[in-house]
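Notes follow once the structure below has been shown.
The values are calculated or read from the model by the stated rules, or taken from the named source; none is laboratory data. These numbers were taken from a predicted model, which means no experiment stands behind them. Positions of Cβ are backbone-derived with ideal geometry, glycine not excepted, and every protein chain shown enters the neighbour counts. SASA here: full protein model, heavy atoms, side chains in, ligands and nucleic acids out. Shrake-Rupley method; radii C 1.70, N 1.55, O 1.52, S 1.80 Å.
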2 protein chains.
Amino acid sequence: MLSRKATSDSHGQDSFYFLGWEAYVKNPYDRLKNPAGIVQMGLAENQLSVHLLESWLAKNSDALMLKTNGESVFRELALFQDYHGFPPLKNELVKLLARIRGNKVKFDPNKLVLTAGATAANETMIFCLADPGEAFLLPTPYYPGFDRDLKWRTEVEIVPITCSSSNGFRITMSALEEAYRQAQRLQLKVKGVFMTNPSNPLGTTMTREELNYIITFAAEKRIHIISDEIYSATVFDSPSSFISILEAVMDRNLDKTDLWNRIHVVYSISKDLGMPGFRVGCIYSNNQTVVSAATKMSSFELVSSQTQFLISKILSDMKFTRKYMKENQKRIKKRKEMLVSGLKLAGVRCLKSNAGLFCWVDMRHLLVSNTFEAEKNLWEKIIFEVGLNISPGSSFHCSEPGWFRICFANMTEETLQVAIRRTKVFVQSISSNSQQRRSSIIGRWVSKLSAYDHEPHR
Amino acid sequence: MLSRKATSDSHGQDSFYFLGWEAYVKNPYDRLKNPAGIVQMGLAENQLSVHLLESWLAKNSDALMLKTNGESVFRELALFQDYHGFPPLKNELVKLLARIRGNKVKFDPNKLVLTAGATAANETMIFCLADPGEAFLLPTPYYPGFDRDLKWRTEVEIVPITCSSSNGFRITMSALEEAYRQAQRLQLKVKGVFMTNPSNPLGTTMTREELNYIITFAAEKRIHIISDEIYSATVFDSPSSFISILEAVMDRNLDKTDLWNRIHVVYSISKDLGMPGFRVGCIYSNNQTVVSAATKMSSFELVSSQTQFLISKILSDMKFTRKYMKENQKRIKKRKEMLVSGLKLAGVRCLKSNAGLFCWVDMRHLLVSNTFEAEKNLWEKIIFEVGLNISPGSSFHCSEPGWFRICFANMTEETLQVAIRRTKVFVQSISSNSQQRRSSIIGRWVSKLSAYDHEPHR
């Protein structure tokens, strides 16, 4: 009597990624109350700089009190439901998008559609660009939520662009072409490439070379590019190596061609500004038909006007947001290095990263065999015996068993140290059990060091 | 290169209902700045009691300041994104739902799913209950937005249950059966009846008899009932004649049968509490699979945690919400009577109503012929010559030309009087042009008076 969507598992929420959360919720670590509980390392949440927002709000209470120049605008906001969005917020968001991109790209508020978070923005983009049974190509590993966000209600298919550890999970032209051929074999019409840049779960920005492969590919095949750039302000190398798809296309002088109308960016303040609860996301598209359709669709995913007002006030203090982002990047970098160096001492390596709220961690040497079954067994051990909810690569559709995403920004430093200590003890216990196996693995490391983050103390 | 959804008109936003808004936006009435402009009477917005909310907030600033017992909970709220929703809000919402229904129905917060407004709630319900190409039956006239909300992205069809002025647009068993047969002729599988109670645009509550027809029909055909009850606290007769579908099913002792699992209610604070900008809606379902799927879908339509907090605080002051609803109903009734009596003096009758923020107005005698073409011509005259944006029945899929929905709660009393004066002048100008035609129409009135609201001064 119900729909297929309601009764099938196509929402993808039965993956280990979500199951790990459930296990955590039943037994959450607390230093005092439940010191043997599970540490939540499966949540890409940013708690590192929320104190800066708190200080700002203490000095700018009008933003919370819904006042402008001392006058309440509660009445206007309570009634405001124009799906074109609150103009001050849209103006501030395009300024923020430009600033994060080093002002190399000009943004127009008329090309921006507000949505209740990037989750809604991504689904809306798929609804606008593809019909049921058509396909988008996604580089693997990719965020587990995309099976829900891009496929579930739209009935659009995802075909993986298979990336591998051999080149640090970089996208290659042959991987793009192979994904396209695979879609053809499945008789799926390819409508575009969907990517996260910086990548979730890799924590890396795309190189100019990768972007150019995708651009050439999309131009040739006459397909779309959706670039989910929700981690763009977490990039912590300096100068920032983040290149937006918009900038990359402009640099190729393709912004006057029809490709430009097939470039779409998704953004949100959830990760970069650490406010996922407030549900502020957006679509930025060069295609007016998409902007118009997405605006109508935004009826289903409007941002509370109370929150539109608050966020527009915070963003309008450019001095503050600049300070916030700088400090935030510094803190993310420090955290990431703490995790990387801690894991290194435990004999566990991370993919070299420069962004995000997580590391992509290589535990292949801890598998009893090179299979996803072994990965699952290891994951179960880690969550239930070691007490760490980390997310296995299989839930990110990684093609190679043994990789895990570990989040580091949703906890205190103390808790992170607890997690690192637990990992060390665990790895030692495995090592002493399989000394011989381990020594063969060390050899494998040496030849691949360049792809790893081996300078944790920078 | 785009989807059918993005490029077709299936969003239904080309109807006169939306076109009227566009005309209004280009030339909005303002007593001082644009006294010849168009008065917006196409917007079912409630501005009548917002001052009560303002007074409450002035005394309870912690609700805006995101404080509990003087302590800021900003940090928790900024990070709160659990799609199960903020428990205090869900608890308060179920209490509100029960109170509006005279505490005759018990509500369980575990059966409630929060959504960003009723728009999202309704779409989510359809995604949960029907597959593309299946159908829901809707009594006509119905809210124009439903073509977008129920059909556009879900690809589910709407088959009208045709109601007519002959019995005041009441639902009959034969109309239900005829709609079902029509769906069968179209080879559409019927998954349920979707209704608004109180009705938008009629401004009437469903009678026990109508509810029983629908219940019997749904039980027999083994289909769902979705009852959109977003106007339930606007019911202004006393004692309230509003009967929720939940109560009606319980009164038939069918709450222990499988029908109970096919009863779903949609609610929102947008109309009843006059806060559409804050995007707080919900689904209440007796079906655990639906609750579970809708909760996952609510990822696309989460309510800002800032707003969840604020609304939970407002609703927790039960004394205030009781006062608000009482005062609000009094004001709606007064406004409605002002419109009805004003129009009556202009020779224009309204369907007898007891709820909503609008009247369903009979202008059949002003048509030059009994056609939708004539209705369209009259609408154009009224919007562009008279300067009133009222919504023609055709945009509500009304089966008879000449009915219009006129909203009265989104403006000041003064503006409403301007609109009434304009209507009088317009009707007089038509009357003097067609004295003879008019006299024949008066005869028609006499026989139908009972269905009309002829006691405006109650």
Inset, instruction - Kindly give the distances from B:Ser164 to its copy-mates, label point to label point, with each label point 7 Å from Cα along Cα→Cβ, as nm values to one decimal ordered shortest first. - result: 7.2
Legend entry - Contact order relative to length of region A:170-236, as percent, for alpha carbon pairs under 8 angstrom and 6 or more apart: 42
Legend entry - Under 21 Å from B:Lys333, Cα to Cα: lysines that are on another chain or at least 8 residues apart: B:Lys271, B:Lys323, B:Lys344, B:Lys352
Inset, instruction - Compute the distribution of all C-alpha to C-alpha distances in region B:298-414, in bins of 10 Å from 0, and list the percent of pairs in each, rounded to whole numbers. - result: 12, 32, 24, 19, 12, 1
Inset, instruction - Return one number: the angle in degrees, 0 to 90 and rounded to the nearest 10, between the long axis of the Cα atoms of helix B:413-433 and the longest principal axis of the Cα atoms of chain B. - result: 30
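Is there a pair in A:Lys106/B:Lys33; B:Lys59/B:Lys111; A:Lys59/B:Lys67 whose C-alpha atoms are over 26 Å apart, and which pairs would that be? Don't skip to the answer; put the middle values down first.
Working: A:Lys106/B:Lys33 36 Å; B:Lys59/B:Lys111 33 Å; A:Lys59/B:Lys67 15 Å.
Exceeds cut-off: A:Lys106/B:Lys33; B:Lys59/B:Lys111.
Checking the a/c ratio against 1.5 first, then a/b against b/c, what shape does the Cα gyration tensor give for region B:206-350?
Here region B:206-350 falls in the oblate category.
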Inset, instruction - Arrange the residues A:Arg208, A:Arg422 by how much accessible surface each exposes, largest first, with a 1.4 angstrom probe. - result: A:Arg208, A:Arg422
Inset, instruction - Would you jot down the residues in region B:279-296 that end up with at least 20 Å² less accessible area in the complete protein assembly than in the chain alone, with a 1.4 Å probe? - result: B:Arg279, B:Thr289, B:Ala293, B:Lys296
Legend entry - Bins of 10 Å from zero: percent of alpha-carbon pairs in the protein assembly as shown: 2, 12, 21, 23, 19, 12, 7, 3, 1, 0, 0
Legend entry - Label 7 Å beyond Cα on the Cβ vector: A:Gly70 copy-to-copy distances, nm: 2.8
Inset, instruction - For B:Asp237, place a label point 7 Å out from Cα along the Cα→Cβ vector, do the same in each other copy, and report the separations in nm, one decimal, smallest first. - result: 7.2
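Show A:Lys256, A:Lys344 ordered by accessible area, largest first, where the area counts protein heavy atoms only and the probe is 1.4 Å. Display every interim value, and only then the final one.
On the way: A:Lys256 175, A:Lys344 80 Å².
Descending accessible area places them as A:Lys256, A:Lys344.
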Legend entry - Heavy atoms of A:His397 accessible to a 1.4 Å probe, total area in Å² rounded to 10: 70
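What is the diffusion coefficient of region A:117-206 in µm²/s, taking the Kirkwood radius over Cα pairs and the Stokes-Einstein relation at 20 °C with a viscosity of 1.002 mPa s?
Numbers: Rh = 13.3 Å.
Diffusion coefficient, whole number: 161 µm²/s.
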Inset, instruction - State the residue of chain A whose Cβ is nearest the axis carrying A onto B, and the distance in whole angstrom. - result: A:Ser304, 2
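When the helix-only estimate is applied to chain A (DSSP H runs of n ≥ 4, each -39,500 (n - 2.57), divided by the residue count), what is the mean residue ellipticity at 222 nm, nearest 500 deg cm²/dmol? Intermediate values should be presented prior to the final figure.
Working: 16 runs with 190 residues, N = 458.
That comes out to -13000 deg cm²/dmol.
Any idea of the total accessible area buried by the B-A contact, 1.4 Å probe, rounded to 100 Å²?
Values: alone 19990 and 19960 Å², together 33500 Å².
So the buried area, both faces added, is about 6500 Å².
What percentage of all Cα-Cα pairs in chain B are separated by more than 42 Å? Numbers along the way, then the final one.
Values: 15548 of 104653 pairs.
Counting every Cα pair in chain B, those more than 42 Å apart make up 15 percent.
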Legend entry - Over chain B, relative contact order from alpha-carbon pairs under 8 Å, at least 6 apart, %: 23
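Which order do A:Glu177, A:Glu385, B:Glu92 take by accessible area at a 1.4 Å probe, largest first?
Values: A:Glu177 45, A:Glu385 135, B:Glu92 20 Å².
Solvent-accessible surface, decreasing: A:Glu385, A:Glu177, B:Glu92.
Please state the relative contact order of region B:52-163 as a whole percent: Cα pairs under 8 Å, 6+ residues apart?
Once divided by the residue count of region B:52-163, the mean separation gives 17 percent.
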Legend entry - Degrees between helix A:435-448 axis and first principal axis of chain A (Cα, 0 to 90, nearest 10): 40
Legend entry - Cross-link reach list, lysines versus B:Lys26, counting only Cα pairs under 20 Å and skipping chain neighbours closer than eight places: A:Lys296, B:Lys376, B:Lys381
Legend entry - Degrees, to the nearest 10: A:87-100 long Cα axis against longest axis of chain A: 40
Inset, instruction - Compute, for B:Thr172, the solvent-accessible surface of its heavy atoms (probe 1.4 Å) with the complete set of protein chains present, and express it in square angstrom to the nearest 10. - result: 40
Inset, instruction - Just the isolated ones, please: cysteines in chain A lacking another cysteine beta carbon under 4.7 angstrom. - result: A:Cys128, A:Cys163, A:Cys282, A:Cys398, A:Cys407
Inset, instruction - Keeping all protein chains in place, calculate the accessible area per residue for chain B (probe 1.4 angstrom), answer in Å². - result: 37
Legend entry - Of all accessible heavy-atom area on chain A, the percent that carbon and sulfur account for (1.4 Å): 51
Legend entry - Sequence-distant lysines (8 or more away, or on other chains) whose Cα lies within less than 18 Å of B:Lys189: A:Lys5, B:Lys151, B:Lys221
Legend entry - Radius of gyration, Dmax [region B:139-264; alpha carbons; angstrom]: 14.2, 44
Inset, instruction - Find the percent of Cα-Cα distances in region B:49-187 that exceed 18 Å, and round it to a whole number. - result: 73
Legend entry - Shielded residues, region B:65-80 - accessible-area loss of 40 Å² or more between chain alone and all protein chains, probe 1.4 Å: B:Met65, B:Phe74, B:Arg75, B:Ala78, B:Leu79
